[in-house]
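Chemist: Dropping the structure in here first, questions after.
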Amino acid sequence: MTSLPEDPLSRISEDDRDTAVQRLQDAYAEGHISHEEMDECLDQVLTANTHSELVSVLVSLPAENAGTTSTIAAAGGRIRRRGAWRVPRMLKVESAFGRVHLDLSRAVIEHSVVDIELQLGTARAKITVPRDAIVDVEEWRTGWKDLLYKTQRRSRPGGPRIRISGTRGFGRLKIRHAWR
């Protein structure tokens, strides 16, 4: 499944374009696409103006193994994912002191259920989910401060289910739905 913005004809940012180029380079380096395919896809990404054009190129890349878990870890500093990045089926994020910002609003989400496991010390985290996503935070445990999240009043069927689990010491977790 691919999660597009509310308006797939909205213009892309340079961050979106840079993220797409990086994904193509990674796919080429891992041997998933040939040199000719990479050249063709790079041309499409570099000339794309809208999110629908960009996502149509990224969807053609091989899907990640559904059983694969990706881990992002940093003792301090920032962990940031935004733009047209591919969200794995299971994502583990570990941060002791820094800030974590995961923006899934324009990400390529190919799974109907995405598990995000957070291990946060004193780190602050912000997660932006697609407008039509269903968020489940039942497995989230905190040592201090409450979770900042309001469920959507009007949810449309067909959106991905984002299950957030893990623990947090003294930081704060804020989850919000994208406006578009």
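The values are calculated or read from the model by the stated rules, or taken from the named source; none is laboratory data. These numbers were taken from a predicted model, which means no experiment stands behind them. Note that each Cβ is placed from the backbone with ideal geometry, even for glycine, and that neighbours are counted across all protein chains shown. These accessible areas exclude ligands, DNA and RNA; they are computed on the full protein's heavy atoms, side chains included. Shrake-Rupley method; radii C 1.70, N 1.55, O 1.52, S 1.80 Å.
Chemist: Looking at the structure I just gave you, is Ala107 at pLDDT below 90 and either closer than 21 Å to Ser10 by Cβ or among the aliphatic types (A, V, I, L, M) (or both)? Quick ask: steps written out before the conclusion?
Modeler: Details: at pLDDT below 90: no; either closer than 21 Å to Ser10 by Cβ or among the aliphatic types (A, V, I, L, M) (or both): yes.
Criteria not met by Ala107.
Chemist: Pairs only if they're at least six apart or on different chains, beta carbon under 9 angstrom, first in segment 15-34 and open to solvent by less than 40 Å² (accessible area, probe 1.4 Å), second of a type in the set (Gly, Ala, Ser) and part of a helix (DSSP H, G or I); list them, first residue then second.
Modeler: These pairs meet every condition: Ile33/Ala27.
Chemist: Sticking with this structure for a sec: Here is a list: Gly83, Gly77. Which entry is at positive phi and within 14 Å of the chain's Cα centre (by Cα)?
Modeler: Details: Gly77 fails: within 14 Å of the chain's Cα centre (by Cα).
None of the others qualify; the one that does is Gly83.
Chemist: Could you check, for segment 99-111, whether at least one of its residues is surrounded by fewer than 19 Cβ atoms within 10 Å (Cβ to Cβ), under 21 Å from Leu173 (Cα atoms) and more than 12 Å from the chain's Cα centre (by Cα)?
Modeler: yes
Chemist: Could you please tell me which pairs satisfy a Cβ distance under 6 Å, a separation of 6+ or placement on different chains, a first residue in segment 112-123 that is of a type in the set (D, E, K, R), and a second residue that is assigned to a strand (DSSP E or B)?
Modeler: Within 6 Å, the pairs are Asp115/Met90; Asp115/Arg163; Glu117/Lys92; Glu117/Ser165; Glu117/Gly166.
Chemist: Also, I was wondering about something else. List the number of the failed condition for Thr151; all other conditions in (1) modelled with pLDDT of 75 or more; (2) exposed (fewer than 14 other Cβ atoms within 10 Å of the Cβ); (3) in contact with a strand residue (DSSP E or B) (Cβ under 9 Å, 6 or more places away or on another chain) hold.
Modeler: Thr151 satisfies every listed condition except (1).
Chemist: May I ask you to verify whether His51 is open to solvent by 70 Å² or more (accessible area, probe 1.4 Å) and at pLDDT 80 or above?
Modeler: Here the answer is no, as His51 does not meet what is asked.
Chemist: Pull up segment 124-136, narrow it to residues that are part of a strand (DSSP E or B) and touching a residue at least 40 places away in the same chain (Cβ under 8 Å), then point me to the one that is surrounded by the fewest Cβ atoms within 10 Å (Cβ to Cβ).
Modeler: In this case the residue turns out to be Lys126.
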